[in-house]
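Here the structure comes first, spelled out in C-alpha cells, and everything after it is commentary.
Just so you know, all these numbers are worked out from the coordinates, no wet-lab data involved. Small disclaimer: the values here were computed from a predicted structure and weren't measured. Here the Cβ positions follow ideal geometry from the backbone for every residue, glycine too, while neighbour counts run over all protein chains shown.
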Ligand code: SAH
C-alpha cells in the first residue's frame, strides 16, 4: 500500500471507522481512478474533489462512514442515488450482490461506467435520470444510499425500501449544514434517526435542462 493510502486508512480509523470489511474495501478500491488527472496527486487526501458539472467525489471519511452505517451484506441489492464519479458505487459493489445507481448527468454516468468497466466491476447497473423517483423496476431494495443532500426525504425512495431495509440520506436545504439520516423500515413502519453532519451537493429533482449536458 502506498504511504498516502496508509495515511488515509489511519485517518479513517481515527475518524471512527472500525468495520474491517469497510476498511479493506477502502484500501482496495483505487480512488485515483475516479478523479481527473489534475487531482491524482490528491486522490488520497481526505477531502471531496471536483469531478465536473459542479459536482464532487465525496470525502473518503464520509464514504467510509456512510458505507459502515449502511451495514451492507453480500446478498443485498443496493440502490444508490448520485453516481457522480462512481467511487461510492465501486465501494458498494464489493460488499453487495448488486448495485443500481442513478445519476442525472449523462456525461458523469458514462465516465463512471467506463471506470467501473476498467476496474472489472460488473455487478453494477447505471441509469441516467431523476433519482428522487428511485428505480421502481428493481424495487424493493435492501439498502438505499443517497449521496446528494435532499431538502426532504423523497417518498418514492421510502416506498422502494424493503421491510428490514436501511436507507441513508443527507437532509437539509442548507449547503453547509446537513445531517445524514438513517431510515429503517419494519413491519411497524418507519423510524428516522440523525447520524452525522455532512456537506453534500444538492439532490436536484426533475428533468435536467438539455443545455446542462
Ligand atoms: N457518490 C458520488 C458523489 C457524487 S456527488 C461519488 O462518490 O463520486 C452527487 C451526485 O448526485 C452528483 O453527480 C449529482 O449530479 C447527482 N444528483 C443530484 N441530484 C440527482 C438526482 N435527482 N438524481 C440523480 N442524481 C442526482
note = Computed from the beta carbon distance with a Förster radius of 25 Å, FRET efficiency for residue 75 and residue 28 to the nearest 0.05 stands at 0.80
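Taking the highest mean first, how do the peptides 123-135, 176-188 order by number of other beta carbon atoms within 10 angstrom per residue? Walk me through the numbers before you get to the answer.
Working: 123-135: 18.5, 176-188: 14.8.
Sorting 123-135, 176-188 by mean packing, highest first, produces 123-135, 176-188.
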request  = Please give the calculated 222 nm ellipticity per residue for the chain, where each DSSP H segment of at least 4 residues contributes -39500 (n - 2.57) and the sum is spread over every residue; nearest 500 deg cm²/dmol?
outcome  = -7500 deg cm²/dmol
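Once you have the Cα-Cα distance between residue 117 and residue 188, take 0.36 nm times their residue separation minus that, and quote the gain in nm to one decimal.
Values: separation 71, 0.36 × 71 = 25.56 nm, distance 4.08 nm.
Fully extending the segment from residue 117 to residue 188 adds 21.5 nm.
Which of 201, 163, 72 has the fewest other C-beta atoms within 10 Å, and how do the rest follow up to the most? All intermediate terms of the calculation are to be shown ahead of the outcome.
Working: 201 19, 163 12, 72 26.
Taking fewest neighbouring Cβ atoms as first place, the list is 163, 201, 72.
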remark   = Contour minus Cα-Cα span, residue 107 to residue 2, at 0.36 nm per residue, comes to 34.7 nm
Considering only the chain, percent of DSSP beta bridges that pair antiparallel, nearest 5 = 45 percent
ask   = Which residue, 91, 51, 145, has the most motion in a Gaussian network model of the chain that connects Cα atoms within less than 10 Å?
value = 51
request  = In a Gaussian network model over the chain where Cα atoms closer than 10 Å are linked, find which of 53, 200, 105 has the largest mean-square fluctuation.
outcome  = 53
query = Can you give the relative contact order of the chain as a percent, counting alpha carbon pairs under 8 Å and 6+ residues apart?
reply = 15 percent
remark   = Quick note on 101, 18, 58, 36, ordering by fewest other C-beta atoms within 10 Å, gives 18, 36, 58, 101
query = Using a Gaussian network for the chain with springs between C-alpha atoms less than 10 Å apart, which of these wobbles most: 38, 83, 147?
reply = 38
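Give me the extension gain from residue 179 to residue 37: residue separation times 0.36 nm, minus the current Cα-Cα distance, reported in nm with one decimal. Show your work: numbers first, answer last.
Values: separation 142, 0.36 × 142 = 51.12 nm, distance 3.14 nm.
Length gained between residue 179 and residue 37: 48.0 nm.
Quick check on the exposure proxy: order 61, 79, 23 from fewest to most C-beta atoms within 10 angstrom. All intermediate terms of the calculation are to be shown ahead of the outcome.
Details: 61 20, 79 27, 23 16.
The order, fewest Cβ neighbours first, is 23, 61, 79.
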ask   = Once the principal axes of the Cα atoms of the chain are found, what is the range along each, listed largest first in whole angstroms?
value = 48, 43, 35
